[in-house]
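Quick notes on the structure that follows.
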Amino acid sequence: MQLLTGAEVAASVRERVKKEAGMFIASTGIVPCLAVVLVGDDGASRSYVASKKAACEEMGFKHIDYHLEADCDRAKLFDLIRLLNQDESVHGILVQFPLPSHFEEYAVMEAIDPAKDVDGLNPKNLGKLLLGQTSLAPCTPSGILQMCDYYHIKTSGRHAVVIGRSAIVGKPIASMLMQKDRNATVTICHSKTEHLEEITRQADILVVAMGKAEAVCASMVKPGAVVIDVGINRIPDASKKRGYRIVGDVDFDSVSPICSAITPVPKGVGPMTIAMLMSNTLSACTMQHGVMQ
């Protein structure tokens, strides 16, 4: 069994981005800038924003934080997005999800200029992704494919099963795997799928993004399959100082002995998301200034 360590792949992506960014900055004098908007005071979201700021500093990018109160009205957020869309010194805009319940996340995705949509979630970018056209793609699915390339995991002609249909992971990774440069045969499963275990056991590549702790067990996995676990869940654990431990959507202990390769949680897919965000920020900046990477 091969352990697919995202931290190792992320380090190689960040090294590449830092080198390319240095060359771009030296030749143009333009420094890529990422604006991150946090609404509310969710602890996990604050941690993610801090990680993105640290990554920007490592890359030599500018980073601007905006923090709005959880009960702010919709107009305040949309006015800020409009100003950032118009600000030529800002090349990437990211609104940290999840948002408070009175916001419609789809409307927020749609409000961000597609050219600055470093999350790759604007409907225009997702549509171009579906058509196989060049676009800023969602970071986690892009990171999964980077991991496949790094570890020489073949996708062409293989059956990939994706559990989860979110706009952030499930739908885009399914679309990316079926494009002509990947050539996988893709099945999408979700909470209403009947006979789920029968379908997942057909998967050569199983991508799990269902948001349910350790839901996929050994009986659901084909021997020799590649298992990509996107889940991040906290479960109580009195033996830990913080009172919980982080697990994925896959029961690692039961699945790892029968698969050919698997991502751990943590340190699997997670580190790839921020690495690809840095890549998208550089891409957005260079494209806005007429430079193709």
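What follows is calculated from the coordinates using simple rules that are stated; it is not laboratory data. No experiment lies behind these values; they were computed from the predicted model shown. With ideal geometry, Cβ positions are generated from the backbone for all residues, glycine too; neighbour counts draw on all protein chains shown.
Distance from the alpha carbon centroid of segment 195-224 to that of segment 84-120 works out to 33 angstrom. Summarising the label geometry, the points placed 7 Å from Cα in the beta-carbon direction at Asp71 and Gln202 lie 5.2 nm from one another. Between Thr193 and Ser89, the C-beta separation translates, for a Förster distance of 45 Å, into a calculated FRET efficiency of about 0.45. Projecting label points 7 angstrom from Cα along Cα→Cβ for Met1 and Glu15 puts them 2.8 nm apart. May I ask which of Lys18/Lys124; Lys53/Lys180; Lys52/Lys192 have a Cα-Cα span longer than 31 Å here? Pairs exceeding 31 Å: Lys53/Lys180; Lys52/Lys192.
Loop by DSSP (not H, G, I, E, B), at most 11 other beta-carbon atoms within 10 Å: where is the longest site-free stretch of the chain for trypsin sites (Lys or Arg not before Pro)?
On the way: sites that count: Lys180, Lys192, Lys240, Lys241, Arg242.
Excluding the exposed sites themselves, the longest stretch runs over 1-179.
Prolate is the label for the chain, because a/c, from the alpha-carbon gyration tensor with a ≥ b ≥ c as root eigenvalues, is 1.5 or above and a/b exceeds b/c.
Membrane-span-like helices in the chain (whole DSSP H runs, Cα extent of at least 27 Å along the helix axis, mean Kyte-Doolittle hydropathy of at least 0.5): 270-288.
Within the shell of other residues whose beta carbon sits under 12 angstrom from the beta carbon of Ala261, the net charge comes to -1, with Lys and Arg scored +1 and Asp and Glu -1.
Near His63, the amide H atoms lying under 5 Å from its own belong to Leu34; only residues 5 or more places off or on other chains count, and H is placed 1.01 Å from N.
All other residues whose Cβ lies under 11 angstrom from that of Asn280 are scored, Lys and Arg at +1 and Asp and Glu at -1, for a net of -1. With the simple model of a label 7 Å out from the Cα in the direction of the Cβ, Arg245 to Asn233 spans 1.4 nm.
Ranking Ala21, His67, Cys56 by how far each Cα lies toward the positive end of the dipole of segment 1-70 (charges on Cβ) leaves Ala21 at the top. The charge dipole of the chain, taken about its Cα centre with unit charges on the Cβ of Lys, Arg, Asp and Glu (plus for the first two, minus for the last two), comes to roughly 560 debye.
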